[in-house]
Amino acid sequence: MKMRKMNTTKKMVESGALAIVRADVERACEIADGLIKGGVPVMEMSYTFNTAGDVIKALKEKYGEALTVGAGTVLDSETARHAILNGAEFIIAPNYDEGVAKMCNRYQIPYAPGCTSLTEAVNGLTAGAAFIKAFPISDFYGPKLVKVFKTPIPDMPILASGGINLDNLSQWLENGVDVCGFGGLLTKGTSEEIAANASKIREIITNFRNK
């Protein structure tokens, strides 16, 4: 438990990418196998899926430290606490909620609130957010969005999802995104196909960071 928030944040940044998952335990394990093999061992389990807490618990029991598992679409503090009690190591949301921020700080869990405006993003940082999730505006503005946020606040840690693929990932990285979320690219197909896509993502991120 020592330095829990810092250690999880470090794992997420080192990965540079995560999978956004909506699946039952069996399918989530297939996805996890591919992610680990491909070098992107970070998974967000969306709470739009009714059994998300059970899936998170099962994944942590099976994979332990080999997989970093968090909860997504966490709209309120009650859901955040439920996720944390089931083993969620980070919390991601499409919105900013002060109650969720406080809950995450209490249990030393990284929180990434979804923010549309710079004011929301600054409020999130002030409340202790580990990342600011550029959502849903990343779908509309694309990679340049990160630069818009980071020009006035260079140290703002950005997690972006929506519209990121193998063709434009380098652009997102060039503009300063810290962690990229992927849906279908890291959740569809066989474990082997997921591993192959994860390896390509890993290679792009590694090459960029080694420049």
Residue among ILE20, ILE31 that is under 14 Å from the mean Cα position of the chain (by Cα), under 22 Å from ILE194 (Cα atoms) and open to solvent by less than 60 Å² (accessible area, probe 1.4 Å): ILE20
LYS133 passes all but one of the listed conditions (1) farther than 19 Å from SER46 by Cβ; (2) open to solvent by less than 80 Å² (accessible area, probe 1.4 Å); (3) among the basic types (Lys, Arg); the exception is number (1)
Within the range 126-164, can you find the residues that are closer than 20 Å to ILE20 by Cα, in a loop (DSSP other than H, G, I, E, B) and in contact (Cβ under 8 Å) with a residue 24 or more places away in the chain? ALA129, ALA130, PHE131, PHE135, PRO136, GLY142, PRO143, PRO157, GLY162, GLY163, ILE164
Result of the Cβ filter at 7 Å on the range 166-195, keeping first residues that are touching a residue at least 12 places away in the same chain (Cβ under 8 Å) and on the phi > 0 side of the Ramachandran plot and partners that are in a helix (DSSP H, G or I) and open to solvent by less than 10 Å² (accessible area, probe 1.4 Å), at least 6 apart or interchain, is GLY176/VAL146
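The values are calculated or read from the model by the stated rules, or taken from the named source; none is laboratory data. As the structure is a prediction and not an experimental result, all values here were calculated from the model. Positions of Cβ are backbone-derived with ideal geometry, glycine not excepted, and every protein chain shown enters the neighbour counts. Remember, those area values only see protein heavy atoms, side chains included, never the ligands or the DNA or RNA. Shrake-Rupley method; radii C 1.70, N 1.55, O 1.52, S 1.80 Å.
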